[in-house]
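Novice: Here it is, the structure, as structure tokens.
The values are calculated or read from the model by the stated rules, or taken from the named source; none is laboratory data. Note that the structure is predicted; figures quoted are calculated from it, not measured. Here the Cβ positions follow ideal geometry from the backbone for every residue, glycine too, while neighbour counts run over all protein chains shown.
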Amino acid sequence: MTGPDGHPDPPPRDLDGAPGNALPPHSSQCMGCGPDNSAGLAMQVRREGDDVVCEQTFDARQVGAPGLVHGGAVAAACDDLFGFVLYLVAEPAVTRTLEVGYRRPVRLGVAHHIRARLERRDGRKLHLVAEGTDPDGVVCFEARAVFVIVALEHFTRYGPARFEYLFGPAPTSEGSAGLADDQETTA
């Protein structure tokens with residue numbers, strides 16, 4: 001079955017993601033994990049305890065220097081993986097800052113193990129960390145991010161028909177933490 005935007009319905013969401021189980025993609029067209037996005041990373045993520053993990057093999061679509069992954073593709077993978085931590089936190093949030101430290105070359109065509117988790121929570125701020133290792137267990141990159149918890153209205157503002165089709169009418173609240181287009185993600 002397809003929704004009002006023409007995209008196929010996702011499978012039922014197990015947002016708790018029992019340990020070891022695959023977590024559902026954010027959407028079918030998500031650049032990081034969407035199975036129907038031919039230009040995306042096609043990340044497949046699972047839960048391991050309080051962490052989310054994936055084995056990511058970057059291909060020629062993500063080339064930077066010859067034989068190496070573009071740093072932006074690595075950053076995108078980390079940002080998307082952080083989005084899966086939100087399933088475990090059970091809060092809608094957006095990226096405020098993302099910092100990636102590149103420690104070793106990230107090679108194309110090699111499976112990299114990427115692990116992310118919540119480091120700490122400070123009010124509406126979620127401090128997240130990730131690490132990517134090569135098949136030998138060598139750390140190639142590390143990432144840190146701050147995500148800011150927002151109201152669901154933040155997301156429904158940009159795709160209300162799809163949201164309502166999948167989840168029912170969006171909740172509304174007075175003084176919500178949703179952000180206007182010109183409002184900063186400060187907390």
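Novice: Of everything in segment 28-48 that's free of Cβ contacts under 8 Å to residues at least 12 places away in the same chain and not hydroxyl-bearing (Ser, Thr, Tyr), which residue is nearest to Thr133 (Cα to Cα)? Talk me through it step by step, then tell me what you get.
Specialist: Start the filter on segment 28-48 by keeping residues that are free of Cβ contacts under 8 Å to residues at least 12 places away in the same chain, which leaves 34-35, 37-38, 40, 42.
The next check asks that each one be not hydroxyl-bearing (Ser, Thr, Tyr); those that pass are 34-35, 37, 40, 42.
Details: Gly34: 23, Pro35: 24, Asn37: 25, Gly40: 21, Ala42: 18 Å.
Per the criteria, the residue is Ala42.
Novice: Now for a separate question. Does Tyr158 fit the bill of being assigned to a loop (DSSP other than H, G, I, E, B), among the aromatic types (Phe, Trp, Tyr) and either at pLDDT below 95 or closer than 17 Å to His26 by Cα (or both)? It would help to see each step written out before you state the result.
Specialist: Working: assigned to a loop (DSSP other than H, G, I, E, B): yes; among the aromatic types (Phe, Trp, Tyr): yes; either at pLDDT below 95 or closer than 17 Å to His26 by Cα (or both): yes.
Considered against the rule, which asks whether it is assigned to a loop (DSSP other than H, G, I, E, B), among the aromatic types (Phe, Trp, Tyr) and either at pLDDT below 95 or closer than 17 Å to His26 by Cα (or both), Tyr158 comes out as yes.
Novice: Kindly indicate which of Phe167, Phe163 is at pLDDT below 90, out of contact with any strand residue (DSSP E or B) (no Cβ under 8 Å at 6 or more places or on another chain), surrounded by 16 or more Cβ atoms within 10 Å (Cβ to Cβ) and within 26 Å of Arg46 (Cα to Cα).
Specialist: On the way: Phe167 fails: surrounded by 16 or more Cβ atoms within 10 Å (Cβ to Cβ).
After applying the criteria, what remains is Phe163.
Novice: Does segment 17-27 include one or more residues that are out of contact with any Phe, Trp or Tyr (no Cβ under 7 Å at 6 or more places or on another chain), buried (at least 17 other Cβ atoms within 10 Å of the Cβ) and within 17 Å of Gly132 (Cα to Cα)? Write out each step before concluding.
Specialist: Residues of segment 17-27 that are out of contact with any Phe, Trp or Tyr (no Cβ under 7 Å at 6 or more places or on another chain), as a first pass: 18-22, 24-27.
Pick out the ones that are also buried (at least 17 other Cβ atoms within 10 Å of the Cβ) and you get 24-27.
So of that shortlist, the ones also within 17 Å of Gly132 (Cα to Cα) come out as none.
No, that holds for no residue.
Novice: A follow-up question, please. For segment 49-60, state whether one or more residues are buried (at least 17 other Cβ atoms within 10 Å of the Cβ), under 13 Å from the mean Cα position of the chain (by Cα) and without any contact (Cβ under 8 Å) to a residue 40 or more places away in the chain.
Specialist: no
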